[in-house]
Amino acid sequence: MFEEETPQYIPAKWIEIYHYCPRIIYFIGVIGVKERITEYMIEGRNKEEEEEEKEKRRKTLLAKRKEKILNKWIRIKVYSEKLGLMGEIDFAIQTENGIKIVEIKNTDRNKLIPGYLYQAAAYAMLFEEQFKKTVKSIIIYHIKADKIFEVNLTDEIRNHVKWTIKKIKEIIKNEKLPKTLKSKECKGCGYIHFCKIV
């Protein structure tokens, strides 16, 4: 219903997708194809939801840090006319150190994935616009790797989010298939069969 009411907005999730591969934006935003849902994807979403349920009950951040939670917002639908963006934030929390956006990802990566960072930063920008409150930082938790990354929300990160939104909108407007570099990521991509025929 949320998406139907705001068709002019692109999903913040597309920012993560763009950084994974710009071609996928063409497939979903221009052609309108959907990725095949795999058991791995279902398992990943279930793990993320389990962690989110635990987080709802916790009094400290991710049960691993001694930061006391003063206020918590869960599963917030947000949108911005200025950015032309919409999304649903997993968690926003307020601690004595300020407001933080928390994203939970079911991955075993030991390094922070840029797409996750910029997607979470987009959520932070959406939160700020809708609630008129400043977000201090972004926290991304990799469940399988049991790694927590916290990054301050800088002007450089904000500008990169805006740049990404612009690039996504250009792909959709121009209806031109972006170039892509072949990589090991292609093997696990649900859109690989589309790449083979375009």
field: Cβ-Cβ under 9 Å pairs, at least 6 apart or on other chains, the stretch 2-19 side farther than 18 Å from T164 by Cβ and assigned to a helix (DSSP H, G or I), far side at pLDDT below 95 and of a type in the set (S, T, Y)
entry: F2/Y79; E3/Y9
task: Quick one: in the stretch 139-158, of everything that is at pLDDT below 95 and outside any loop (DSSP other than H, G, I, E, B), which residue is nearest to the chain's Cα centre (by Cα)?
output: I140
- prompt: Which pairs do you get when a residue that is closer than 11 Å to A12 by Cα, found in the stretch 110-122, comes within reach of a residue that is basic (K, R), reach meaning Cβ atoms under 8 angstrom, with the pair 6+ apart or on two chains?
  reply: Y116/K105; Q119/K13; A121/R158
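Give the residue, chosen from L177, L112, that is part of a loop (DSSP other than H, G, I, E, B), at negative phi, of a type in the set (A, V, I, L, M) and modelled with pLDDT of 90 or more.
Working: L177 fails: modelled with pLDDT of 90 or more.
The unique qualifying residue is L112.
Filtering the stretch 79-108 down to residues that are among the basic types (K, R) and crowded, with 21+ Cβ neighbours inside 10 Å, which residue is nearest to I138 (Cα to Cα)?
It comes out as K100.
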statement: Quick count over the stretch 162-198, residues being closer than 26 Å to E81 by Cβ and out of contact with any helix residue (DSSP H, G or I) (no Cβ under 8 Å at 6 or more places or on another chain), is 7
- request: Inspect all residues belonging to the stretch 153-165 and state whether any of them is within 23 Å of E67 (Cα to Cα), of a type in the set (S, T, Y) and surrounded by 21 or more Cβ atoms within 10 Å (Cβ to Cβ).
  value: no
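Is it the case that the stretch 86-109 has a residue that's under 28 Å from C21 (Cα atoms), free of Cβ contacts under 8 Å to residues at least 12 places away in the same chain and not in a strand (DSSP E or B)? I'd like the intermediate steps shown before the answer.
Going residue by residue through the stretch 86-109, those that are under 28 Å from C21 (Cα atoms) are 86-92, 100-109.
Those left that are additionally free of Cβ contacts under 8 Å to residues at least 12 places away in the same chain: none.
No, the conditions are met nowhere in the stretch 86-109.
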task: Look at T154 and say whether it is β-branched (V, I, T) and free of Cβ contacts under 8 Å to residues at least 40 places away in the same chain.
output: yes
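The values are calculated or read from the model by the stated rules, or taken from the named source; none is laboratory data. What you see is a predicted model; the values in this text were computed from it and never measured. In this analysis, Cβ positions are derived from the backbone assuming ideal geometry, glycine residues included, and neighbour counts consider all displayed protein chains.
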